[in-house]
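Accompanying notes for the structure given below.
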Amino acid sequence: MKRYVLLDRDGTLIRDAGHPHRLADYELLEGVAPALKRLADAGYRLAIVTNQSGIGRGYFGYAEFQRFHAHLLADLSAAGVAIDATFLCPHMPDDQCECRKPAPGLLWRARDELGADLAASWLIGDSERDIEAAWRAGCRGAVRVGVAAPRASADPLTLEARDLAEAAERILGYGAP
Ligand SMILES: [Mg+2]
Ligand SMILES: [Zn+2]
């Protein structure tokens with residue numbers, strides 16, 4: 001059984017100033033690398049699931065995405081954090097694709113291509129779209145980060161946290177299924 005924590009990227013791992021794709025705009029959020037390391041040390045594998053409609057909108061291309069994204073992966077790798085795969089949706093909201101969150105397509109790719117056991121896996125994201133994708137894909141739970149005053153909740157599908165460190169804390173609080 002492969003337990004994953006599936007990670008939104010923009011606004012969750014890095015600062016989201018709106019379709020970040022230039023290296024000048026790259027900023028890893030504080031505490032992200034140690035939080036991911038804690039999850040990995042607890043037996044969770046890690047993958048990224050990211051909406052990149054900037055590609056569909058023509059703001060940047062795949063090559064620019066890859067260069068920017070490689071920067072993030074190198075940063076995490078240097079901190080001892082391995083990301084198994086990145087699944088991205090390049091489409092626009094009107095495209096009606098099956099992968100743009102809140103659709104569950106990217107999470108299903110993690111299940112099909114990585115063998116992620118979604119019922120034992122979590123998603124962390126900063127948008128309601130992320131949380132809804134987790135519900136629809138059948139994840140064990142989801143944590144919304146970037147919440148200034150997180151509410152305590154016993155429902156693993158609706159957890160809230162200020163940042164990734166707190167999100168990791170909450171996930172680890174549930175232990176293995
Ligand atoms: Mg986001
Ligand atoms: Zn898509």
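Consider region 83-132 and keep the residues that are within 16 Å of T158 (Cα to Cα) and charged (D, E, K, R). The one that is nearest to ligand 1 (Cβ to nearest atom) is D126.
Working only within region 115-159, note down all residues that are assigned to a helix (DSSP H, G or I) and within 15 Å of the chain's Cα centre (by Cα). Result: L118, E128, R129, D130, I131, E132, A133, A134, W135, A137.
Filtering region 127-156 to residues that are crowded, with 22+ Cβ neighbours inside 10 Å, touching a Lys or Arg at 6+ places or on another chain (Cβ under 8 Å) and either closer than 21 Å to G31 by Cα or of a type in the set (K, R) (or both) leaves D130, V143, V145.
Contact annotation: residue pairs with Cβ atoms under 7 Å, 6 or more positions apart or on different chains, pairing a residue in region 85-96 that is modelled with pLDDT under 95 with a partner that is within 14 Å of ligand 1 (Cβ to nearest atom), are P93/S53; P93/R100.
Against the numbered list (1) within 15 Å of ligand 1 (Cβ to nearest atom); (2) farther than 15 Å from H69 by Cβ, R45 comes up short only at (1).
For region 62-84, how many residues are assigned to a loop (DSSP other than H, G, I, E, B) and on the phi < 0 side of the Ramachandran plot? Even if it seems obvious, please write down each step before you answer.
So the first thing to find is which residues in region 62-84 are assigned to a loop (DSSP other than H, G, I, E, B), and the list is 79-84.
With on the phi < 0 side of the Ramachandran plot added as a condition, the list becomes 79, 81-84.
So the count comes out to 5.
Just so you know, in region 48-60 the residues that are more than 14 Å from ligand 1 (Cβ to nearest atom) and of a type outside the set (A, V, I, L, M, F, W, C) include one that is nearest to D75 (Cα to Cα), and it is Y59.
Any idea which residue in region 1-41 is nearest to ligand 1 (Cβ to nearest atom), counting only those that are more than 18 Å from V145 (Cα to Cα) and open to solvent by 70 Å² or more (accessible area, probe 1.4 Å)? Of everything passing the filter in region 1-41, R22 is nearest to ligand 1 (Cβ to nearest atom).
Within region 30-48, can you find the residues that are farther than 22 Å from R3 by Cβ and touching a helix residue (DSSP H, G or I) at 6+ places or on another chain (Cβ under 7 Å)?
Scanning region 30-48 gives no hits.
The values are calculated or read from the model by the stated rules, or taken from the named source; none is laboratory data. Please read all numbers here as calculations on a predicted model, not as lab measurements. Please note: Cβ atoms are built from the backbone with ideal geometry, for glycine as well, and neighbour counts cover all protein chains shown. What goes into the accessible areas is simple: the full protein's heavy atoms, side chains included, and nothing from ligands, DNA or RNA. Shrake-Rupley method; radii C 1.70, N 1.55, O 1.52, S 1.80 Å.
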